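One structure is given here, and the rest of the page talks about it.
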Amino acid sequence: MKTVFVLFDTLNRRSLECYGGHTVKTPNFNRLARRSVVFDNHYVGSLPCMPARREIMTGRYNFLHRSWGPLEPFDHAFPEILGEQHGTYAHLVTDHAHYWEDGGSTYHTRYDSAEMIRGQEVDAWKGIVQPDESAWREKYHPKQFSLARRHKFRRNMVNREFYPTYEQYPAVRTFDAGLEFLDLNRKAGNWFLQIETFDPHEPFDVPAKFREEYKTNYRGPLFDYPNYGPVKETPDEVAELRANYAATLAHCDLQLGRLLDWFDKNDLWRDTALIVSTDHGFLLGEQELWGKLILPVFNEVAHIPLFVHHPDFAGEAGTRRTALTQTIDLMPTFLDFFGLEAPAEVQGKSLRPLLADKAARFRTMALYGQHGAAINITDGRYTYFRYPQNMHDGKLNQYTLMPTHIQSRFGVEELRDATLAEPFDFTRGVRLLKVPSTEKSSFYHRHGPGAQLMCETRLFDLASDPAQLQPIVDPAVEARMATAMVELMTATDAPSEAYERFGLVEVRSAVTA
């Protein structure tokens, strides 16, 4: 068996033509859809980047116990299982710089080999001590300019100095590396290749030729890096940011096309599985908001694309599935493709039965969210965002043996409050550090409770309001969603304080009675 997994970052489902999009030309995603089973009801689990990747690795929800962080010592990672139980060689090619930061440092080493492409977004890559300040001020919009040391805008401006041509762009080099692996191993079998690019994640930076079909009236300095939060830009600036996203997605479509060309030329469709997806979407001004993380997890972020080709089900190419699936389902699917069973603590389900039978029973509810924010749930018809009555109630902890945030270790001050917690049912008998999430933590005001906007519990009916613009009041539906939420939290062995934090103690008592 051979498998290629392509993971884009921030790939908006609604922007793809095969999902009804009309703002970007995506002919290669259309090609992929004709060759694959397309999943119409696929949702995120944990947000954002590395929490999603922990789910891809382990097949378990992450966000109820932990924010952004490394794989834990007790985690079962699918590349290692493939190698240990099946002798499968796993290789990663990626330009996703979070893998070599403190909060992602244990992921890429789970593969047999990993090729890391440098220079994306805020990758601390090249060093320019005294940049040309006047030239940069003229080139970049003030909203994406800073010369402060270690600031994301400075790092990004530095990186852009070192890929002036199409061939040097990180996404191009990432797919180059993936195609090189295929060429080097064209006669080999029993391997897993993950091609992962940060695009179309912001900044929406691609060679100028990709903007030719996406014109705007904007005439200011370069503006392709939206700040998360309410839309405050002029209509022309909004159009410019959206056009830059469209151009970046068109660039991703071209890179995908290069891979599909290889599949066609070498007839990989006959003996190689291909899975394509993303970690989450992005608000491009919908809801009058930019971004993700500090905002409610609207469907622009939560409802994501998934394409699956498997040679055994080639006859299903071009068909679609409506079953409710999630990020946690990828890990057991990868294992199943190689004939392996998932470990007992895995919560996801293999998608293979759905490839064979579109009516196969799957899940009825999907849980998703971000540590420190709302707990969200959907049944595909309704979406329910449940927030604490008090975001700063102190009933929030991080459970970990790997105390790092995105770009730093846990601070000494926050670790002084840590205690040792008893094992959860998925930690294989290992006790964990229980670290209170308070203002002592750098996470608190970056992604945690102190950063959240619009913290109101809401229920939406997607049948009558697919854009989630008009919350509804329906006590019966809300009670049903809350009950399902508690059932999934219980199955996840959620921390006991979470039920109190979200006002679910009575519901829990009824569920466990």
Condition set more than 25 Å from GLU237 (Cβ to Cβ) and among the β-branched types (Val, Ile, Thr), scope the range 138-187, selection modelled with the lowest pLDDT: answer is THR165
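If you check HIS280 against the conditions, is it in contact with a strand residue (DSSP E or B) (Cβ under 8 Å, 6 or more places away or on another chain) and either of a type in the set (S, T, N, Q) or within 30 Å of ARG386 (Cβ to Cβ) (or both)? So that I can check it myself, show each step before the final result.
On the way: in contact with a strand residue (DSSP E or B) (Cβ under 8 Å, 6 or more places away or on another chain): no; either of a type in the set (S, T, N, Q) or within 30 Å of ARG386 (Cβ to Cβ) (or both): yes.
Spelling it out, it is not the case that HIS280 is in contact with a strand residue (DSSP E or B) (Cβ under 8 Å, 6 or more places away or on another chain) and either of a type in the set (S, T, N, Q) or within 30 Å of ARG386 (Cβ to Cβ) (or both).
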Of ALA239, ALA246, the only residue that is of a type in the set (A, V, I, L, M, F, W, C), surrounded by 19 or more Cβ atoms within 10 Å (Cβ to Cβ) and modelled with pLDDT of 95 or more is ALA246
Among (1) in contact (Cβ under 8 Å) with a residue 60 or more places away in the chain; (2) assigned to a loop (DSSP other than H, G, I, E, B), ASN390 falls short only on (1)
The one condition ARG361 fails out of (1) in a loop (DSSP other than H, G, I, E, B); (2) more than 21 Å from CYS455 (Cβ to Cβ); (3) in contact (Cβ under 8 Å) with a residue 40 or more places away in the chain is (3)
Open item on the list: Looking at the structure I just gave you, is GLU478 at pLDDT 95 or above and surrounded by 14 or more Cβ atoms within 10 Å (Cβ to Cβ)?
Closed with: yes
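Which residues, counting only those in the range 365-397, are aromatic (Phe, Trp, Tyr) and either over 20 Å from ALA476 (Cβ atoms) or surrounded by fewer than 18 Cβ atoms within 10 Å (Cβ to Cβ) (or both)?
In the first step, residues of the range 365-397 are kept if they are aromatic (Phe, Trp, Tyr); the result is 368, 382, 384-385, 387.
Residues satisfying the conditions are TYR368, TYR387.
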Only unsatisfied item for GLY394, checking (1) among the small types (Gly, Ala, Ser); (2) at pLDDT 95 or above; (3) touching a Ser or Thr at 6+ places or on another chain (Cβ under 8 Å), is (2)
The residue that is surrounded by the fewest Cβ atoms within 10 Å (Cβ to Cβ), considering only those in the range 37-86 that are assigned to a strand (DSSP E or B) and of a type outside the set (Val, Ile, Thr), is PHE39
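A quick yes/no check of all residues on (1) closer than 23 Å to THR490 by Cβ; (2) not hydroxyl-bearing (Ser, Thr, Tyr):
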site: PRO423; (1), (2): yes, yes
site: LYS434; (1), (2): yes, yes
site: THR438; (1), (2): no, no
site: ARG446; (1), (2): no, yes
site: GLN452; (1), (2): no, yes
site: ALA463; (1), (2): no, yes
site: GLN470; (1), (2): no, yes
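Restrict the check to the range 316-327 and report whether at least one residue is in the same structural domain as VAL122 (by TED's automatic domain parsing), out of contact with any Lys or Arg (no Cβ under 6 Å at 6 or more places or on another chain), assigned to a helix (DSSP H, G or I) and surrounded by 17 or more Cβ atoms within 10 Å (Cβ to Cβ).
Initially, the range 316-327 is screened for residues in the same structural domain as VAL122 (by TED's automatic domain parsing), giving 316-327.
When the remaining residues are screened for being out of contact with any Lys or Arg (no Cβ under 6 Å at 6 or more places or on another chain), the result is 316, 319-320, 322-323, 325-327.
Within this subset, residues satisfying the condition of being assigned to a helix (DSSP H, G or I) are 316, 327.
Checking which are surrounded by 17 or more Cβ atoms within 10 Å (Cβ to Cβ) leaves us with 316, 327.
Checking the range 316-327: at least one residue is in the same structural domain as VAL122 (by TED's automatic domain parsing), out of contact with any Lys or Arg (no Cβ under 6 Å at 6 or more places or on another chain), assigned to a helix (DSSP H, G or I) and surrounded by 17 or more Cβ atoms within 10 Å (Cβ to Cβ).
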Those residues of the range 429-464 which are part of a loop (DSSP other than H, G, I, E, B), of a type in the set (D, E, K, R) and either modelled with pLDDT of 95 or more or over 23 Å from the mean Cα position of the chain (by Cα) (or both) amount to ARG431, GLU439, LYS440, GLU456
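Does GLN130 fit the bill of being assigned to a loop (DSSP other than H, G, I, E, B) and crowded, with 21+ Cβ neighbours inside 10 Å? Step through it out loud before you land on a result.
Values: assigned to a loop (DSSP other than H, G, I, E, B): yes; crowded, with 21+ Cβ neighbours inside 10 Å: no.
Considered against the rule, which asks whether it is assigned to a loop (DSSP other than H, G, I, E, B) and crowded, with 21+ Cβ neighbours inside 10 Å, GLN130 comes out as no.
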Residue count, the range 429-456, condition of a type outside the set (Val, Ile, Thr) and under 16 Å from ASN62 (Cα atoms), comes to 7
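The values are calculated or read from the model by the stated rules, or taken from the named source; none is laboratory data. Keep in mind that what you see is a predicted model, and the values were worked out from it rather than measured. Quick reminder, even Gly has a Cβ in these numbers, built from the backbone with ideal geometry, and neighbours come from all protein chains shown.
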